[in-house]
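Engineer: Have a look at the structure that comes next, please.
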Amino acid sequence: MRKQYDAIWLNAQIATCEQGYGLIQQAGIAVRDGRIAWVGPVAELPYDPEKLAAVIHDCNGRCLTPGLIDCHTHLVFAGNRAHEFEMRLQGATYEEIARQGGGIQSTVSATRSASEEVLFQQSLARARDLQKSGVTTLEIKSGYGLDWPTELKMLRVAKRIEDTLPLTVSKTFLGAHTFPPEFRSNPDAYVDLLCQEMIPVVAREQLADAVDVFCEKIAFSLEQTKRVFASAAEHGLKVKCHAEQLSDMGGTTLAASYQALSVDHLEHVGVPGVKALEQSGSVAVLLPGAFYFLRETKLPPVELLRRHRIPIAVATDCNPGTSPVTSLLMIMNMACTLFRLTPSEALEAVTRHAAQALGMSALRGTLTAGKAADMAVWEVSHPAELVYYLGNNPLRQLIRQGKVVF
Ligand SMILES: [Zn+2]
């Protein structure tokens, strides 16, 4: 006869992340059909675990958390920009690098010319790295094609990563990342293409879960961003926004008016933007990897976000130009050291709030009965240690939908 649970993990320090750490000491968690069936103190189990579960895992006092969620990545790209990194450190300016074909344009060229197989293999390696830091759900944006064939290729690769690895992938269409060289002299024609041709197909064929725009002086204006959001809304797609990274343009308020799932970066956001987030319930996604790599100095207004009770997520922003990072643990540490999040906020930022930023709260982000059994077991005895160590990887076991990945 089938037992009540497929498997049970015992003797763990469980951080449910339902509120703060949501710590339960000497706890257990039981799984059935890929979902969490029970979580609580081991002493409250009605029978011996052997009677209840087919498989028993003893955590020996280790910490068990939800699988981590990286809610903002650009990890599908070809090539890398290590050469530019080297040039910059030898004294070259951004303009000099751009004039030699560097910057985002070099990634667009490399991604356009890479075969789908090469793009897949290079991107898969990065997704695997993230998985090794405890990630069970991740978001992937398009946006290095800026033409239809390559944007489609990127979205197919993102789907293939999900089909290959035991990972949940949320796909975001970021055709509005920057303007392609072909449209440099007529950028509004590219916005027409996005709104009239690409977004309707993305929606109809369910190629992505959301539409994102890089709203910035060097990218899409507020008016152009609004046109893209209006098209997304018209076709039933949720929106996200890269906003207020380099200046306060009002992208946050605009995105909030479209009930954005999240608004990301936010270093330069002011009081009106934060109040708009409070109204819309959008998540503020902070990206300390880019802040670090670019040696930025303008900090996002964390205290203001706290005061208005805006849910804060953090993510790797994995991308070749400004955040070549594939460890979410490292990013949690940076969120604390650079942005002064508390370790408890940093853990919520990659679990509960990150799930909210992807519209996945119903099924992921906390260890709650009924949700997907995505979990990580760590060689630490308190979750603060996950954030405290830098460059260490204490992951001992990763579980996705009740099955042990490794
Ligand atoms: Zn980004």
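The values are calculated or read from the model by the stated rules, or taken from the named source; none is laboratory data. Not measured: the values here are computed from a predicted model. No Cβ is skipped: glycine too gets one built from the backbone with ideal geometry, and neighbour counts run over all protein chains shown.
Engineer: Could you please give the count of residues in the range 20-50 that are under 18 Å from E385 (Cα atoms) and at pLDDT below 95?
Structural biologist: Final tally of qualifying residues: 0.
Engineer: If you don't mind, there's one more thing I want to ask. Here is a list of conditions, (1) more than 21 Å from V228 (Cβ to Cβ); (2) out of contact with any Ser or Thr (no Cβ under 9 Å at 6 or more places or on another chain), and Q356 meets all of them except one; can you say which number that is?
Structural biologist: Of the numbered conditions (1) more than 21 Å from V228 (Cβ to Cβ); (2) out of contact with any Ser or Thr (no Cβ under 9 Å at 6 or more places or on another chain), the odd one out for Q356 is (2).
Engineer: Within the range 237-288, take every residue that is touching a strand residue (DSSP E or B) at 6+ places or on another chain (Cβ under 8 Å) and among the charged types (D, E, K, R) and give me the one that is modelled with the lowest pLDDT.
Structural biologist: Ranking the qualifying residues of the range 237-288, first place goes to E244.
Engineer: Given the criteria assigned to a helix (DSSP H, G or I), over 30 Å from L329 (Cα atoms) and within 15 Å of the ligand (Cβ to nearest atom), does T150 qualify?
Structural biologist: Against the criterion (assigned to a helix (DSSP H, G or I), over 30 Å from L329 (Cα atoms) and within 15 Å of the ligand (Cβ to nearest atom)), T150 does not qualify.
A quick yes/no check of all residues on (1) within 28 Å of A276 (Cα to Cα); (2) of a type in the set (K, R); (3) more than 16 Å from the ligand (Cβ to nearest atom); (4) without any contact (Cβ under 8 Å) to a residue 12 or more places away in the chain:
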position: S185; (1), (2), (3), (4): no, no, yes, yes
position: V191; (1), (2), (3), (4): yes, no, yes, no
position: V213; (1), (2), (3), (4): yes, no, no, no
position: K238; (1), (2), (3), (4): yes, yes, yes, no
position: H242; (1), (2), (3), (4): yes, no, no, no
position: G250; (1), (2), (3), (4): yes, no, yes, no
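Conditions tested, residue by residue: (1) under 20 Å from I140 (Cα atoms); (2) surrounded by 24 or more Cβ atoms within 10 Å (Cβ to Cβ).
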residue: D188; (1), (2): no, no
residue: Q196; (1), (2): no, no
residue: P200; (1), (2): yes, no
residue: V213; (1), (2): yes, yes
residue: E216; (1), (2): no, no
residue: E223; (1), (2): no, no
residue: G250; (1), (2): no, no
residue: S262; (1), (2): yes, yes
residue: K275; (1), (2): no, no
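Engineer: Give me the pairs: first residue in the range 355-366 and under 13 Å from K238 (Cβ atoms), second residue among the hydroxyl-bearing types (S, T, Y) and surrounded by 20 or more Cβ atoms within 10 Å (Cβ to Cβ), beta-carbon distance under 6 Å, and six or more apart or on different chains, which are they?
Structural biologist: Within 6 Å, the pairs are A357/S262; L358/S170.
Engineer: Related question: Output the residues belonging to the range 4-46 that are among the charged types (D, E, K, R) and surrounded by fewer than 15 Cβ atoms within 10 Å (Cβ to Cβ).
Structural biologist: If the condition is that a residue be among the charged types (D, E, K, R) and surrounded by fewer than 15 Cβ atoms within 10 Å (Cβ to Cβ), then D33, E44 are the ones that fit.
Engineer: Further, regarding this structure: If G321 meets every condition in (1) at pLDDT 95 or above; (2) surrounded by fewer than 24 Cβ atoms within 10 Å (Cβ to Cβ); (3) within 13 Å of the ligand (Cβ to nearest atom) apart from one, which number is that one?
Structural biologist: (1)
Engineer: Taking the criterion of being in contact with an Asp or Glu (Cβ under 7 Å, 6 or more places away or on another chain), crowded, with 20+ Cβ neighbours inside 10 Å and of a type outside the set (V, I, T), would at least one residue in the range 277-284 satisfy it?
Structural biologist: No, the conditions are met nowhere in the range 277-284.
Engineer: Further question on the same structure: Scan the range 153-183 for residues that are among the hydrophobic types (A, V, I, L, M, F, W, C), more than 13 Å from the chain's Cα centre (by Cα) and either farther than 23 Å from S262 by Cα or away from the ligand (no atom under 15 Å from the Cβ) (or both) and jot them down.
Structural biologist: Of everything in the range 153-183, those that are among the hydrophobic types (A, V, I, L, M, F, W, C), more than 13 Å from the chain's Cα centre (by Cα) and either farther than 23 Å from S262 by Cα or away from the ligand (no atom under 15 Å from the Cβ) (or both) turn out to be L155, V157, I161, L165, F179, F183.
Engineer: In the set T150, T168, which member is in contact with an Asp or Glu (Cβ under 9 Å, 6 or more places away or on another chain), in contact (Cβ under 8 Å) with a residue 12 or more places away in the chain, assigned by TED's automatic domain parsing to the domain that holds A78 and crowded, with 17+ Cβ neighbours inside 10 Å?
Structural biologist: T168
Engineer: So which residues in the range 56-115 are within 30 Å of P383 (Cβ to Cβ), of a type in the set (G, A, S) and within 24 Å of the chain's Cα centre (by Cα), if there are any at all?
Structural biologist: G67
Engineer: For the condition within 14 Å of the ligand (Cβ to nearest atom) and not charged (D, E, K, R), what is the one hit in A357, A362, A369, A346?
Structural biologist: Just one listed residue meets the conditions, A357.
Engineer: Now a separate question. Which numbered condition in (1) of a type outside the set (F, W, Y); (2) within 16 Å of the ligand (Cβ to nearest atom); (3) within 17 Å of L328 (Cα to Cα); (4) assigned to a helix (DSSP H, G or I) is the only one that A125 fails?
Structural biologist: (2)
Engineer: Considering every residue within the range 340-363, establish whether at least one is among the acidic types (D, E) and either outside any loop (DSSP other than H, G, I, E, B) or not assigned by TED's automatic domain parsing to the domain that holds S109 (or both). Please lay out each step first, then the result.
Structural biologist: Here is the first cut: in the range 340-363, the residues among the acidic types (D, E) are 345, 348.
This time we only want the ones that are either outside any loop (DSSP other than H, G, I, E, B) or not assigned by TED's automatic domain parsing to the domain that holds S109 (or both), so: 345, 348.
So far as the range 340-363 goes, yes, one or more of its residues are among the acidic types (D, E) and either outside any loop (DSSP other than H, G, I, E, B) or not assigned by TED's automatic domain parsing to the domain that holds S109 (or both).
Engineer: Being aliphatic (A, V, I, L, M) and either at pLDDT below 95 or closer than 21 Å to L261 by Cα (or both) is the filter here, so list the residues in the range 130-152 that pass it. Reasoning before the result, please.
Structural biologist: Let us first name the residues in the range 130-152 that are aliphatic (A, V, I, L, M), namely 130, 135, 138, 140, 146, 152.
Those that are aliphatic (A, V, I, L, M) and either at pLDDT below 95 or closer than 21 Å to L261 by Cα (or both): V135, L138, I140.
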